[in-house]
Amino acid sequence: MHNAESRTPAASVSAVATEVQTSPLERLKTGYLKFKENYVKDQNLVSSLAEGQAPPYMIIACCDSRVDPCTVLNLPPGEAFVLRNIGNMVPAYSAQSACSSAASAIEYAVLHLKVKHLVVMGHSRCGAVKALMGIEDDGSNRFSEFIEDWVLILKNASKKVKSIHKVAPFAEQCTACEKEVVNASLWNCLSYPFVREKMASGDLTLHGGYYDFVSNAFESWTLDLSCLNDVDKVQ
């Protein structure tokens, strides 16, 4: 973590931007050296991680550069197995899931690493959710080669929000959808048989999280175990 000293966040961002423009690779090297300086101080951690990983958390988060989950949640190396994609989205289980990085990461985390907590973490001002909310029902306004097809895996989330919040301003609809996408992804996690089995046995808990980096607030909630009896709700 960088020493903030007396600089304001805006000044820190400006300083980093200037450093990157001057020498992008040097910025990375400097960052690594600062990380290394703190990392090697904890030799117990270094020795433990050299033997393998046993993280208690799997966190599914967005690729957005403003919301790195380990930074936001102050998690050290080895504490969380992290999957990041556009919009922190989880596709439902299907025969095609074998080609999904999300499916393979969830399988590895749950069955091999045996994580105890699976967290889907959404965030404010999410571009993926804004894109999802902006797609017309008839698909007449296609805007990308790959992004649209990806975010449409959770089109039911946007439909639900548009139905419930139809008179709300678009920005408010997007905020509601950012949280609905988290819940829809949690439901989709339940479509994976091994996730349901681990939840039923008490070995796995599913959580939702939402980070508002504008107001600097974090919300969290836990998926109710009663949902195991109603998996037909999976989005």
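Note on segment 53-233: Rg/Rh from Cα positions, Kirkwood definition for Rh, rounded to two decimals, is 0.95. Neighbours of residue 213, meaning other residues whose beta-carbon lies under 11 angstrom from its beta-carbon, give a summed charge of -1 when Lys and Arg score +1 and Asp and Glu score -1. When each of 170, 218 is scored by the number of other beta-carbon atoms lying within 10 Å, the sequence from fewest to most is 170, 218.
When 175, 22, 222 are sorted by how many other C-beta atoms sit within 10 angstrom of their C-beta, beginning with the fewest, the order is 22, 222, 175. Each of residue 108 and residue 47 was given a label point 7 Å from its Cα along the Cα-to-Cβ line. The distance between the two points is 2.8 nm. Extension gain for residue 220 to residue 146 (0.36 nm times residue separation, less C-alpha to C-alpha distance): 23.6 nm. Among 26, 178, the order by Cβ neighbours within 10 angstrom, fewest to most, reads 26, 178.
Couplings 3J(HN,Hα) for segment 199-215, derived from phi with the Karplus relation 6.51 cos²θ - 1.76 cosθ + 1.60 (θ = phi - 60°), are 5, 5, 7, x, 8, 9, 10, 9, 10, x, x, 9, 10, 9, 6, 6, 9 Hz, where x marks Gly and Pro. Ranked by the mean number of other Cβ atoms within 10 Å of their residues, highest first, the peptides 185-195, 205-215 fall in the order 185-195, 205-215.
Values quoted throughout were computed directly from the atomic coordinates according to the rules given, and no laboratory measurement underlies them. No experiment lies behind these values; they were computed from the predicted model shown. Glycine also receives a Cβ, built like all others from the backbone with ideal geometry; neighbour counts cover every protein chain displayed.
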